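The values are calculated or read from the model by the stated rules, or taken from the named source; none is laboratory data. The structure displayed is predicted, hence computed values, not measured ones. All Cβ positions, glycine included, derive from the backbone under ideal geometry; neighbour counts span all protein chains shown.
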Amino acid sequence: MRKFDKRNKDYWWVVPSEVPRMHASGLVPLACVQAQENYSKMRSCVWKIFRRECGREDLSVSEKLLLWSVCERYRFETFSSHDAVTYYAKMIGVSRRTAGRSMKELIEKEVLWCVLEGKEGRLRVSQASGRKHYLLVGLAHELMR
């Protein structure tokens with residue numbers, strides 16, 4: 001696992017301080033990351049969020065499938081999923097356009113945050129350039145329980 005510390009600017013969403021409103025944020029406190037001794041607890045929290053979000057009636061089938069693919073590819077090393085939308089589209093068997101539209105909807109509905117590695121701030125839509133990471137909203141809240 002990659003070491004997280006205050007100097008790591010690439011994964012800026014792992015923050016050294018407490019996160020206000022953790023249930024509505026994609027940020028993860030450094031203390032929470034360091035407390036994760038194994039992969040399985042983080043994965044169980046990722047799937048708990050997936051199951052909760054799948055119960056939402058305002059999400060389409062393609063959005064739920066795209067969320068499944070993001071959860072499936074969630075990384076312990078970065079506390080994010082950072083594959084291309086094209087790859088997610090191939091995973092779930094939809095067109096790139098459908099996957100892009102579904103990703104946009106998941107971001108707008110605050111299920112995921114889209115961020116760029118090394119550049120603080122959230123993106124409202126997935127853009128073509130830069131190394132994008134998708135963060136699950138509320139993951140830190142689940143990990144702290």
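Taking the conditions exactly as written (of a type outside the set (D, E, K, R), assigned to a loop (DSSP other than H, G, I, E, B) and at pLDDT 95 or above), does VAL94 satisfy them or not? Against the criterion (of a type outside the set (D, E, K, R), assigned to a loop (DSSP other than H, G, I, E, B) and at pLDDT 95 or above), VAL94 qualifies.
Within region 107-130, the residues that satisfy the criterion of being assigned to a loop (DSSP other than H, G, I, E, B), out of contact with any strand residue (DSSP E or B) (no Cβ under 7 Å at 6 or more places or on another chain) and either of a type in the set (Phe, Trp, Tyr) or touching a residue at least 60 places away in the same chain (Cβ under 8 Å) (or both) are GLU110, GLY118. Has region 97-106 got any residue that is among the acidic types (Asp, Glu), touching a residue at least 12 places away in the same chain (Cβ under 8 Å) and touching a helix residue (DSSP H, G or I) at 6+ places or on another chain (Cβ under 7 Å)? Yes, some residue in region 97-106 is among the acidic types (Asp, Glu), touching a residue at least 12 places away in the same chain (Cβ under 8 Å) and touching a helix residue (DSSP H, G or I) at 6+ places or on another chain (Cβ under 7 Å).
The listed residues are HIS82, HIS133, and the only one of them that is touching a residue at least 60 places away in the same chain (Cβ under 8 Å) and not hydroxyl-bearing (Ser, Thr, Tyr) turns out to be HIS133.
When residues in region 35-85 are screened for being among the acidic types (Asp, Glu) and touching a Ser or Thr at 6+ places or on another chain (Cβ under 7 Å), 1 of them pass.
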